[in-house]
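One structure below.
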Amino acid sequence: MSTEDLKTEDIPKHYDPTSTEKKWTAYWEQNGYFHSEPDDRDPFAVVIPPPNVTGVLHMGHMLNNTIQDVLVRRARMQGQNTCWVPGTDHASIATEAKVVQKLRKQGIKKSDLSRDAFMEHAWKWTDEHGGIILQQLKTIGASCDWQRTRFTLEDDLYEAVITCFIQLYEDGYIYRGKRMVNWDPSAQTALSDEEVIHKEVQSKLYYVRYPIKESEQFITIATTRPETILADTAVCVNPDDERYAGLVGKTAIIPIVNREVKIIADDYVDPEYGTGCLKITPAHDSNDYDLGVKHGLEIIDMLNPDGTLSEKAEHYVGIDRFEARKLIIKDLKKQELLVKLEDMPNKVGYSERTDAVIEPRLSLQWFCKMDELSKPALDNVMNDEVQFHPAKFKNSYKHWMENIRDWCISRQLWWGHRIPAWYYGEGEDEYVIARTAEEAVEKARKKSGKDLTAKQVKQDEDVLDTWFSSWLWPISVFDGINNPDNQEVSYYYPTQDLVTAPEIMFFWVARMIMAGYYFRDDKPFHNVYFHGIVRDEKRQKMSKSLGNSPDPLKLIENYGADGTRVGMLFASPAGNDLLFDEGLCEQGRNFSNKIWNAFRFLSMNKDEDVAYTPTLELDAENLADRWMMSRIQTTMTEVERDFESYRLNEALKKLYSLVWDDFCDWYIEVSKSDKPGENMPKENLERALGLFELLMKLLHPFMPFITEEIWQRIQPRTSDEALTISPWPELEGKADMEAVALFSQIQEHISAVRNIQAEMGLSPKTELDIRIKPASAEDAEKLKAERWIYHKFLSISDLVFNPGIQKPKASASALVKGTELFVPLEGLINLDKEKDRIRKEIKKTEGFLKSVEGKLANKKFIENAPDEVVEKERQKKADALSDIEKLQKSLDNLG
């Protein structure tokens with residue numbers, strides 16, 4: 001693309017983000033600006049939190065990737081070798097659920113298919129729907145190294161996961177055992193503790209009587225899950241509970257199934273909860289399981305994997321657990337064993353993926369020991385070797401790591417990394433760990449001492465938890481597991497910044513740190529920036545299922561990618577949740593238009609056939625030049641501090657004010673020709689364009705498209721001079737704070753005069769006699785030397801600076817930081833008429849004040865009216881008093 005062509009085009013009156021964004025996205029990719037290879041520069045590597053392969057862009061992605069892009073673009077301009085690795089996650093549970101749903105619509109059950117046939121469907125689904133989100137990320141300007149796109153199920157990464165499993169197994173960290181796990185009946189798989197979301201719901205507490213054998217007595221238990229009565233194998237009380245002292249050792253009859261069970265005693269039981277008597281169901285509650293093991297109780301699993309009741313339940317077989325709950329309650333009522341029901345709040349676990357209610361279930365699964373793996377990951381966050389931003393998240397990280405439990409890593413799914421365990425018998429230890437079937441047969445023969453055939457050695461049907469591949473992401477994307485000493489991982493690892501949400505701190509962040517120290521004895525990243533969750537005005541998390549989330553692509557269509565990015569960042573304080581307001585995206589679009597209009601104005605001031613060279617060689621005698629450059633210097637210093645502390649929204653707000661307020665509203669105005677209708681003087685325009693180029697550099701990480709468009713239009717550029725790879729500004733010298741203070745004082749004077757004009761109803765074109773009374777003769781001389789600036793913004797007939805001046809009669813006045821300003825009004829307005837108008841306004845306001853004071857003096861009103869109504873009346877009184885004071889001052893000014 002020739003930027004000469006851009007220069008000679010007529011500049012559109014209105015900025016068109018759609019065509020601009022497509023143009024520069026293609027240009028950047030075509031020129032390979034975002035591709036990285038190891039070289040002698042400092043690396044700045046970032047790995048994208050991989051979205052689900054079949055996912056589509058949502059507001060969380062929009063925020064997360066905008067932040068990453070800002071960090072990466074700035075680092076690229078600072079001369080670092082940026083490598084932002086994109087990719088997608090195979091998302092075992094979510095993807096398999098979608099494939100199963102699709103097959104069901106076609107009348108096909110997963111159970112009717114072989115594993116290979118199902119995987120063909122899954123890969124076809126992935127090929128059809130996968131990667132859409134990566135294309136969508138390009139629309140927001142994500143400057144990823146797209147040539148490096150990875151997928152967690154691609155061959156190399158698959159091998160890395162298997163290598164990881166084998167190494168951890170051989171080192172004694174991975175084991176197989178029957179334990180109580182979190183079971184998702186919808187996905188029909190085990191979940192880790194971190195994949196369970198605990199929600200507070202309103203439940204019922206059911207009080208049920210259990211008959212005591214060979215007596216007329218009953219013992220009453222309280223439970224929120226009456227359907228599990230069918231699997232009870234004991235009743236337990238506290239040994240110190242005198243109410244039940246005589247029942248310990250006796251036999252209770254379980255209702256419905258009429259099973260005889262012992263009444264046992266254990267300190268675990270809380271005498272204050274419910275009736276102080278606990279039903280024990282070892283197969284369906286983790287605490288009950290522990291008690292069952294302790295007391296040698298029978299374990300009855302009454303549920304099928306899909307949450308329906310199994311044959312072992314004896315009743316309601318094949319019926320869903322919640323429907324069975326309703327039926328057992330009816331039957332308990334018929335048998336007069338249901339004592340009462342109580343409403344109670346209850347924490348219930350839900351699957352993070354399917355939102356199904358979790359079932360505690362005893363299951364043979366694969367686990368990873370976490371106690372040793374977690375130690376370096378905890379220590380190196382607490383000592384800031386890995387820095388959390390904001391640091392407040394170290395507390396919750398520490399709590400979780402100090403209470404960590406072994407990780408259940410097996411999933412009863414087919415889509416994923418198949419566990420490299422091979423079984424040659426039914427015994428718990430009759431398996432081997434091997435990378436291939438051939439290796440497995442050889443190992444099985446050696447371990448068993450038998451001449452086994454390939455058909456006698458079967459691979460585990462389960463796959464590994466999705467996070468078991470994701471925790472390797474910063475290493476595996478650079479092939480650091482399969483080839484630990486390769487050039488790329490040695491150069492790019494550890495990566496620089498990880499940008500993510502605190503909600504996956506334990507799913508992903510903690511585990512990546514563990515993997516980093518275990519596999520490479522080094523941290524996976526230097527910094528973790530936790531951004532907030534995108535919420536609506538009711539503080540609900542935005543989601544498509546709730547219908548409260550706008551479509552990011554629609555926002556981009558309406559406000560442009562730059563405008564949408566600005567809106568997201570404006571609402572996003574570091575580490576705090578983002579209360580999204582679409583009005584902020586509109587503000588972002590308005591900012592784009594402001595920038596475009598400024599560029600268009602400067603361009604329209606060029607004389608034909610005159611060459612203009614933007615410059616930063618400013619006029620040392622020009623206060624406006626010294627002020628503008630100093631404002632840029634101080635802002636750059638503040639922005640640098642904001643980046644260091646990851647306060648990107650604060651950095652953007654400072655640049656917004658610098659561009660909109662300082663440059664557009666003041667510097668451009670003060671640089672105009674003194675003669676109306678004339679173009680800006682050449683030297684002024686070249687300086688303005690030079691400063692504008694500098695501002696485009698500073699804004700580029702936040703607003704890449706419009707800044708590149710303007711940068712390429714200001715003057716011809718080669719492909720090596722694109723803004724996206726241009727050097728980050730570095731300004732020599734110190735800011736001239738005296739110039740800033742003096743210009744700021746003049747700004748306040750001009751604003752004060754404009755306020756007087758507005759209050760008095762004077763046209764901005766009305767020429768004014770302005771008298772300014774500085775605090776000293778020295779101040780008067782400084783201001784007098786810059787009187788030209790006042791003339792740029794105000795219509796002035798006479799301008800006097802005199803520390804000894806007296807207030808003229810019939811004049812409006814203002815006090816600005818010790819400096820008095822006077823504007824004589826005689827001849828500008830009808831003084832008598834204006835005085836009469838003000839007196840009437842005062843009388844009207846006093847009447848209103850009297851009525852408000854009457855209300856506030858009424859005790860009944862104060863006592864009975866809502867607080868907000870009373871407060872509103874008090875505010876009315878305060879406003880009325882303030883208005884009267886202002887009106888009286890205006891009247892006094894008129895003499």
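The values are calculated or read from the model by the stated rules, or taken from the named source; none is laboratory data. As the structure is a prediction and not an experimental result, all values here were calculated from the model. All Cβ positions, glycine included, derive from the backbone under ideal geometry; neighbour counts span all protein chains shown. Protein only, heavy atoms only, side chains kept; ligands, DNA and RNA dropped before computing areas. Shrake-Rupley method; radii C 1.70, N 1.55, O 1.52, S 1.80 Å.
Would you mind working out the magnitude of the charge dipole of the range 13-69 relative to its Cα centre, with +1 at each Lys and Arg C-beta and -1 at each Asp and Glu C-beta, to the nearest 20 Debye? Dipole magnitude for the range 13-69 comes out near 360 debye.
May I ask for the angle, rounded to the nearest 10°, between helix 582-604 and the longest principal axis of the chain, with both axes built from Cα atoms and the value confined to 0 to 90°? Roughly 40 degrees between the two axes.
Straightening the chain between Ser763 and Tyr175 buys 203.3 nm, computed as 0.36 nm per residue apart minus the Cα-Cα spacing.
Distance between the C-alpha centers of the range 660-727 and the range 441-489? Whole Å please. After rounding, the separation between the Cα centres reads 57 Å.
Full extension of the chain between Gln147 and Ser186 yields a length gain of 10.3 nm, computed as 0.36 nm times the residue separation minus the alpha carbon distance.
Enumerate the lysines that Lys850 could reach by cross-link, defined here as Cα to Cα under 19 Å, with residues fewer than 8 away along the same chain left out. Reachable lysines: Lys840, Lys859, Lys860, Lys872, Lys876, Lys877, Lys886.
The distance separating the Cα centre of the range 161-186 from that of the range 311-331 comes to 33 Å.
In the neighborhood of Ser186, defined by Cβ-to-Cβ distances under 10 Å, what is the net charge if each Lys or Arg adds +1 and each Asp or Glu adds -1? Overall, the nearby charge balance is -2.
The lysine pair count for the range 211-363, using Cα distances under 13 Å and pairs eight or more places apart or on different chains, is 6. Computed across the range 380-510, the Kirkwood hydrodynamic radius from all distinct Cα-Cα pairs reaches 18.0 Å. Using only the Cα atoms of the chain, build the gyration tensor, take square roots of its eigenvalues as a ≥ b ≥ c, and label the shape rounded, prolate or oblate: rounded if a/c is under 1.5, else prolate if a/b is larger than b/c, else oblate. Oblate, because a/c is 1.5 or more while a/b does not exceed b/c.
Taken along the Cα-to-beta-carbon direction at a fixed 7 Å, the label points for Gln456 and Leu618 span 8.6 nm.
Rounded to the nearest 20, the Cβ-based charge dipole of the range 545-698 about its Cα centre (Lys and Arg +1, Asp and Glu -1) stands at 240 debye.
With every protein chain present, what accessible area does Ser776 have (1.4 Å probe, heavy atoms only), rounded to the nearest 10 Å²? Only protein atoms counted, so the area is about 40 Å².
A Cβ-based charge dipole, computed about the Cα centre of the chain with Lys and Arg at +1 and Asp and Glu at -1, lands at about 2920 debye.
Ordering Gly854, Ala758, Gly307 by the projection of their Cα atoms onto the charge dipole of the chain, which places +1 on the Cβ of Lys and Arg and -1 on the Cβ of Asp and Glu, puts Gly854 at the extreme positive end. Assuming a ≥ b ≥ c are the square roots of the Cα gyration tensor eigenvalues, decide whether the range 606-712 counts as rounded (a/c under 1.5), prolate (otherwise, with a/b larger than b/c) or oblate. Here the range 606-712 falls in the prolate category. Among residues other than Trp28 with Cβ under 14 Å from its Cβ, the summed charge is -2 (Lys and Arg +1, Asp and Glu -1). Once the Cα atoms are used to define both axes, helix 286-295 deviates from the longest principal axis of the chain by about 30 degrees. FRET efficiency for the pair Thr224 and Phe601, taken as 1/(1 + (r/R0)^6) with r the Cβ-Cβ distance and R0 = 45 Å, rounds to 0.05.
Since only Leu553, Asn380, Met629 are under comparison, the one whose Cα sits farthest along the positive direction of the charge dipole of the chain, derived from C-beta charges on Lys, Arg, Asp and Glu, is Leu553.
Rolling a 1.4 Å probe over the protein chains gives Lys375 an accessible area of about 110 Å².
The residue list Gly449, Phe322, Pro716 was ranked by how far each Cα lies along the charge dipole of the chain toward its positive end, using unit charges on Cβ atoms, and Phe322 comes out on top. Please find the FRET efficiency linking Ser797 to Asp522, where r is the Cβ-Cβ separation and R0 is fixed at 60 Å, and quote it to the nearest 0.05. With R0 = 60 Å, the Cβ-Cβ based efficiency is 0.25. Working from Cα pairs under 8 Å separated by at least six residues, relative contact order for the range 145-234 is 13 percent.
The distance between label points at Ser851 and Lys392 comes to 4.6 nm (points 7 Å beyond Cα on the Cα→Cβ vector).
Label-to-label distance for Leu364 and Val248 is 3.7 nm, based on points extended 7 Å past Cα in the beta-carbon direction.
Extension gain for the segment Asp42 to Asp665, taken as residue separation times 0.36 nm less the Cα-Cα distance, is 220.3 nm to one decimal.
Given a Förster radius of 35 Å and the C-beta distance between Lys843 and Asn593 as r, what FRET efficiency does 1/(1 + (r/R0)^6) yield to the nearest 0.05? For Lys843 and Asn593, the calculated efficiency is 0.15.
Helix 623-644 and the long axis of the chain differ in direction by around 10°, with both axes built from C-alpha atoms. When nucleic acids and ligands are ignored and a 1.4 Å probe is applied, Trp711 ends up with an accessible area of around 20 Å². For the range 798-891, a/c is not less than 1.5, where a ≥ b ≥ c are the root eigenvalues of the C-alpha gyration tensor, and a/b tops b/c. That puts it in the prolate class.
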